[in-house]
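Encoded as structure tokens, the structure appears first; notes follow it.
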Amino acid sequence: MTNKYFSGVLLPIAVGVAMTVSQPGAAQQSTALSSASDTLTKIQSLSTEADTTSFNWQETFPSWFEHMEPFRLAGSGDTEIYYVGTKGLGMFFIPTTEGHIVIDGGMPGQGQLIAENIKKLGFDAKDVRILLNTHAHIDHSGGLAELKSLTGAQLIASEGDRWALESGLIPGSEDVSYVQSPPVTVDRVIVDGEKVIIGNLTMTARITPGHTQGCTSWTTTLQPTASAPPQEVLFFCSASVAANSLVNPPQYPGIVEDYHKTFALTADWEPEVFLANHGEFFDLVARHDRLSNGEASAFHDRESFQRFRTKMKDMFEQALIAQSEEAKISAHSKEH
Ligand SMILES: [Zn+2]
């Protein structure tokens, strides 16, 4: 069965959020909110108008394919976090003395790009031992199978996204061919709060469902100096509605409750460094420029996650109202 949203286009929300995430200040906040609703309108028209047979990801989302030199984004000494993605798709590399971690695989074909970026940074991709995934959508899981064969690493993911990763399909939209990913085997399933430990690095899984059923955010900590308090780093999964059907029928049973759960769980999160799988979500390009200009803590911003979460929550609430209204109208038109 194909739902009406996925039948058009999968993830344009990433682009919409770009306009709204990085603006501080009250005046700009209201601009951000109105452009958020414009974005939803755009998404809905895209999802009914897109020609699915000739759909071209690169034309629709050029930034996902736009080159970015890999660089050290935060951390020093024992824990360093490197960016190995494109301008639009966030992929991360964390080396340890016992082997390395990569978070997310990008689009199909981008596994190779990640491996090349790791090499450019002076590491061997064959030393990657663990692959983590934020969620099973083609723009974050499409390159995992390739990256797995290039590195020999094991893939660790949530039970909620396991079927989607292993089948390459989107639950509720199984027959939409252009959103299908190369299937990849999950080697270890984690639950909420479970830790993945390698060398001196601990990554903690937080299940933040809604965007997908097993949407997984990951956290770790930086230790700036031996005596300083540890600083939390968040790799957030997403909480956008994107092409998800919330009602009539839901993308998967319980999706609305899952979004509510995620917004409640994250209400007091204030990570020192907020990162995500789309560059726009955490203002990648501007922060990268600041870092290049000598601002070592350009990615440190304890307010940035809550700014983002508030926008996601508002957009979710608007989408729920809009989709519920639409469902009422279509039910009514069937009666007459
Ligand atoms: Zn997604």
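Each residue, SER297 and GLN154, gets one label point 7 Å from its Cα in the Cβ direction; the gap between the two is 3.8 nm.
Checking the cross-link pairs LYS261/LYS311; LYS195/LYS313; LYS126/LYS148 against a 19 Å limit on the alpha carbon distance flags LYS195/LYS313 as lying beyond it.
Since every read-out is calculated from the coordinates, none of them should be taken as a lab result. Owing to the predicted nature of the structure, the values given are computational and were not obtained by experimental measurement. Neighbour counts are summed over all protein chains in view; Cβ atoms, including those assigned to glycine, are modelled from backbone coordinates with ideal geometry.
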